[in-house]
1. Calculate, in nm to one decimal, what VAL235 and SER10 gain on full extension: separation in residues at 0.36 nm each, minus their alpha carbon distance.
2. Given +1 on the Cβ of Lys and Arg, -1 on the Cβ of Asp and Glu, and no further charges, what dipole in debye does the chain carry about its Cα centre, rounded to the nearest 20?
3. Can you give me the C-alpha center-to-center distance between segment 161-240 and segment 93-150, rounded to a whole angstrom?
4. Counting only protein heavy atoms and using a 1.4 Å probe, what share of the accessible area of segment 1-97 belongs to carbon plus sulfur, as a whole percent?
5. In nm, to one decimal, how far is the modelled label at GLN139 from the one at LYS66, with both set 7 Å along Cα→Cβ?
6. Suppose all protein chains stay in the model; what accessible area per residue would a 1.4 Å probe give for segment 5-250, in Å²?
7. Using only DSSP helix segments of four residues or longer, with each worth -39500 (n - 2.57), what per-residue ellipticity at 222 nm results for the chain after dividing by its residue count and rounding to 500?
8. Scan around VAL104 for amide H atoms under 5 Å from its own, H built in the peptide plane at 1.01 Å from N, and keep only partners 5 or more places away or cross-chain.
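The values are calculated or read from the model by the stated rules, or taken from the named source; none is laboratory data. Being a predicted model, the structure only gives us computed values, none of them experimental. Ideal geometry is used to build each Cβ from the backbone, glycine not excepted, and the neighbour counts take in all protein chains shown. To get the accessible areas, we keep the full protein, side chains included, count just its heavy atoms, and leave off ligands, DNA and RNA. Shrake-Rupley method; radii C 1.70, N 1.55, O 1.52, S 1.80 Å.
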Amino acid sequence: MSSVIYGPVSSWRLGRSLGIDLLSTRGNTCSFDCTYCQLGRTVRPLSKRKEFITLTALAKELETAKGVPADYATFSGVGEPTLASNLGKAIEIVKSTLGLPVAVLTNASFMPREDVRRELALADVVVAKVDAPDEERFQAINRPFGGSTLGETLQGIRRFRSEYKGKLALQMMFVEANRDCAPEMARIARELSPDEVQVNTPLRPCAVKPLPPEEIANIRHKFSGLEGVVTVYEVVTPDVTPLSPDETLRRRPKAV
Ligand code: SF4
């Protein structure tokens, strides 16, 4: 469709999702370098926000997507969307142009910042990543740049939860490094009180192996009592959620 807008792709969490990539860089631009990232290693590590795509360019690109049937317009793409300093204005433009609810998938590293929380609050759905119950695993799994800590990140999500009126989902990716952490992760989820918890394991090709369905089902049990818990295996099997042919040819966005 364009370098900024892709799909719609099939998302296990958001249905038909029209992707918006406000970074549109070659290779992953991110404040993390997660071991399981399906984009591969982060080639542009960034811990400061900046403008990548102008709002004028975005508005022009959106003209090509008017009328495309989708359940959500989702800010995701090749990197961390909150790195874009014009995210808030971009959300407003997407809503007014496409008339779709907007979702943002974020690694939550910038949620300690008040300006980022204010911009994210313009979205209808925010999916925030929490993969680790302690600093050691946070550094090992998410490999953040710029001195991000788990403690500050959780504090940012906690503040956002208290301010935000939309739907807040936590995405928790389980891999070998945190497979024994479900009780602690469930405690974190209970404390953050999201509307949904997405228990995930990387099913798309990446550097680490997914955990099998039985193990994810056991992990799911540790979240008992929490409402809105979904696991990736309840919704898809490992060989579904294909990218659209157009998207497959163009690039590999991260899972939506
Ligand atoms: S999984 Fe997301 S947060 Fe992690 S490196 Fe990839 S794009 Fe960044």
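1. This chain segment gains 79.9 nm when fully extended.
2. Dipole about the Cα centre, nearest 20: 540 debye.
3. Here the two parts' Cα centres lie 16 Å apart.
4. That fraction is 51 percent.
5. Between GLN139 and LYS66, the simple spin-label model gives 5.2 nm.
6. 43
7. For the chain, the value works out to -9000 deg cm²/dmol.
8. PHE75, VAL125, VAL126, VAL127
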